[in-house]
Amino acid sequence: SEDSGALAEFAAATERSFGTTVQRLMHNPGACRFHYGHPDVWRRSFAATCGGVSKANKGLHVSEDVFGGYNVMLRGRDISYVDYIAVGKGRDMGFETINTFEAKVAGGNGEQVVSRDVHRLARRFNTPRLLTWYHTGNGFFINTSLLMYSLLVNAWLCLLLAFSSNRSVDGQVLQDALALLGGMQLLQLGSLSVLVYVATVWLEDGLVATLKNVLRQLVSGAYVGRVA
């Protein structure tokens, strides 16, 4: 699917980094890896004795596979990552499809945050394990929400500083403040999240391929579409 457009290429890149480098980190040393749907395989006889492979709910549960992983972890077991096979998955990669998928995952994380499973796991994990789980799971979406609000605050601050009179604010101080806010926004708009993908491609394809991929995505505006 990655050859169908700039958005598709970046979405595929995100899936690639999450399905490889992030999963390895969550397994070891994070020790907080759960079940994430189609990339993972259940051993049915094992999962059936650890709470099942889904979450009992009267309505539609969009993150049932993750709750199956919670059931295993709550019973003192571990979910390992075995890097033994690579397959391709093709699907529609239009803007609307990508947005719908992101909305589904975000909604599932919202259901996880208010569940008892997350509360029980959070009380049992030590601090490094808990922080790893936070930043690779539910916390990612919480941080994204905070990021969107911070961008609004930054925009209002830039507007207020731009309308400030030089009589009350020194001109050089005003320029420095605007430059600082602009630098913060560049970092917040996804630049740091690209580092995981850069590390993944560098490890698997080499430095030259990494530079080509990142440059091509920058020129095509894939990162702007991803933020939007």
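None of the figures in this text is laboratory data; all of them are computed from the coordinates on show. Note that the structure is predicted; figures quoted are calculated from it, not measured.
By how many nm would the segment from Trp156 to Glu96 lengthen if fully extended, with 0.36 nm per residue of separation less the alpha-carbon distance?
Working it through step by step, the gained length comes to 18.7 nm.
Our coupling estimate for region 43-48, obtained by passing each phi through the Karplus curve with A = 6.51, B = -1.76, C = 1.60 and θ = phi - 60°, is 9, 4, 4, 6, 5, 5 Hz, Gly and Pro reported as x.
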